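See below for the structure under consideration.
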Amino acid sequence: MSALSFNVYPNPTNEYINIRTSNKSNEYTLGLYDMSGKLISTKTLSGSNERFDLSSNLPGTYYLAIQSKTDQLIYKVIKI
């Protein structure tokens, strides 16, 4: 079981998603992938929140991977 805890919202979205965590002491790598597994965008979360702009992405299903040094979480994100 992962020790990571995040809120990813709004989902579904038409513009952006917010990624928020209460654990500010770690640095996380955020990766947004399309359904074929192609990496669309990456960011580093080093505070408590980050925003991905999806306004230029086509509608569809994407996957958000959140990685720490020891854990990984995957969230399904719907762009409308």
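Odds and ends about this structure:
- Residues Ile80, Ile40, sorted so that the one with the fewest Cβ neighbours within 10 Å comes first: Ile80, Ile40
- Checking (1) 12.0, 34; (2) 26.5, 77; (3) 18.4, 69 against the coordinates, the calculated Rg and Dmax of the Cα atoms in Å falls under label (1).
- Taking other Cβ atoms within 10 Å as a rough exposure proxy, Thr29, Thr70 sort from fewest to most as Thr70, Thr29.
- Karplus (6.51, -1.76, 1.60) ³J(HN,Hα), θ = phi - 60°, over the range 7-21, in Hz, Gly and Pro reported as x: 10, 10, 7, x, 8, x, 9, 10, 10, 8, 10, 9, 10, 10, 9
Each value in this text was obtained by applying a stated rule to the coordinates, not by laboratory testing. All figures in this text were calculated on a predicted structure; none of them were measured in a lab. Every residue, glycine among them, receives a Cβ derived from its backbone with ideal geometry; neighbour counts consider all protein chains shown.
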